[in-house]
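Enquirer: So that we are looking at the same thing, I have put the structure below in structure tokens.
The values are calculated or read from the model by the stated rules, or taken from the named source; none is laboratory data. Predicted model only: the values in this text are computed from it and were never measured. All Cβ positions, glycine included, derive from the backbone under ideal geometry; neighbour counts span all protein chains shown. We work out accessible area using only protein heavy atoms, side chains counted, and drop any ligands, DNA or RNA first. Shrake-Rupley method; radii C 1.70, N 1.55, O 1.52, S 1.80 Å.
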Amino acid sequence: MKKKIITLIILCVLLYLTVVVIEFCCFYEVLGDDIWDFLKDFWNWYKTLFL
């Protein structure tokens with residue numbers, strides 16, 4: 001049972017990372033070299049949201 005739970009957790013983490021990489025690639029395709037400015041602005045918005 002523990003092995004099944006650990007396998008499920010690992011699969012979920014891998015799925016999450018895959019989605020993040022795909023989103024990053026889509027953002028890079030749309031924004032080009034301005035991706036870092038977008039990520040900085042997003043991070044600043046995220047920090048102010050929770051602080």
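Enquirer: Of LYS3, LYS47, which has the most accessible area and how do the rest follow, probe 1.4 Å?
Expert: Details: LYS3 165, LYS47 85 Å².
Solvent-accessible surface, decreasing: LYS3, LYS47.
Enquirer: On to the next question. What accessible area per residue, rounded to a whole number of Å², is obtained for the chain using a probe radius of 1.4 Å? The partial results should precede the final answer.
Expert: Values: 5120 Å² over 51 residues.
Normalised by residue count, the accessible surface of the chain is 100 Å².
Enquirer: What part of the accessible area of the chain, given as a whole %, is carbon or sulfur when the probe is 1.4 angstrom?
Expert: 74 percent
Enquirer: Here's something else I'd like to know. How much accessible surface area, in Å² rounded to 10, belongs to the heavy atoms of LEU14 with a 1.4 Å probe?
Expert: Near enough 90 Å² of accessible area.
Enquirer: Please report, in debye to the nearest 20, how large the charge dipole of the chain is about its Cα centre when each Lys and Arg carries +1 at its beta carbon and each Asp and Glu carries -1 there.
Expert: Computed about the Cα centre, the dipole is about 700 debye.
Enquirer: With every protein chain left in place, what is the accessible area of VAL30 in Å² (1.4 Å probe, nearest 10)?
Expert: In the full protein context, VAL30 sits at about 120 Å².
Enquirer: Any idea how far apart LEU51 and ILE6 come out in nm if each label point goes 7 Å out from Cα toward Cβ?
Expert: 3.9 nm
Enquirer: Next question, about the same structure. Can you compute the radius of gyration and Dmax for the chain, using only the Cα atoms, both in Å?
Expert: 15.8, 47
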